[in-house]
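Everything on this sheet refers to the single structure shown next.
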């Protein structure tokens, strides 16, 4: 049933849980606002020095608190969580573990080139090191914890991502299918990690993050998905 209020998209920038990318925050917020949604950027806790203890559950508790506060203030609005890379891992952690941890369940997840798995071949070691250290990684290897009470998911990735291999999205999507969670997955054949909107506004050629009109279409596909799921 279509919501009577505008959807709110909580944006979690990426940055391997050690910084927050400005390319994945304000420009993304403007893109969602352009399609008629409200946008809210979560500047969650990160680990800025190796001497600090791993973050553990701190970021996901912060995200849950933001979702809860927005829901209380906007009772008729669906709350979607959109994340990039490690920020997508954070979004997916709430979507997967909300019930186990007694946290606020988002209405949907939008995951851009997400960190998902601890599997040795596909892991983004920096993200897991900052989040968990070298212990207790299985809880945050999210493909292992997908269940039937998860919200719907929109995912996209590039097949040539060298920092977070595409298998992160494929493993997650496979489990979503197993549990009959509605999802939409887009895999683009080429493109570096961290493309954000893949537009000239967020171009970063020194890191091979170049504008690509084909990949930039992910935000339009996401808007269409939001209409299909009756969030817009």
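Points to keep in mind about this one:
- Length-normalised contact order for the stretch 66-223 - Cα pairs under 8 Å, 6+ apart - percent: 18
- Matching label, Cα extents along the principal axes in Å computed from the structure shown, candidates [x] 64, 37, 31; [y] 46, 41, 34; [z] 68, 37, 27: [y]
- Relative contact order for the stretch 1-88, counting Cα pairs under 8 Å that sit 6 or more residues apart, in percent: 46
- Annotation: peptides 17-29, 206-218, 103-115, ranked by per-residue average of other Cβ atoms within 10 Å with the highest first, follow the order 103-115, 17-29, 206-218.
- Computed [θ] at 222 nm, helices only, for the chain once each DSSP H run of length n ≥ 4 contributes -39500 (n - 2.57): -10000 deg cm²/dmol
- Taking the number of Cβ atoms within 10 Å of each Cβ as an exposure proxy, the fewest-first ranking of 225, 156 is 225, 156.
- If you run the Gaussian network model on the chain, springs between alpha carbon atoms under 10 Å, then out of 51, 192, 173 the most flexible one is 51.
- The stretch 162-213: relative contact order as a whole-number percent, Cα under 8 Å and 6+ apart: 26
Where a number appears in this text, it was derived from the coordinates with a stated rule and is not lab data. Just so you know, these numbers come straight off a predicted model, no measurement behind them. Here Cβ is always computed from backbone atoms with ideal geometry, including for glycine, and neighbour counts include all displayed protein chains.
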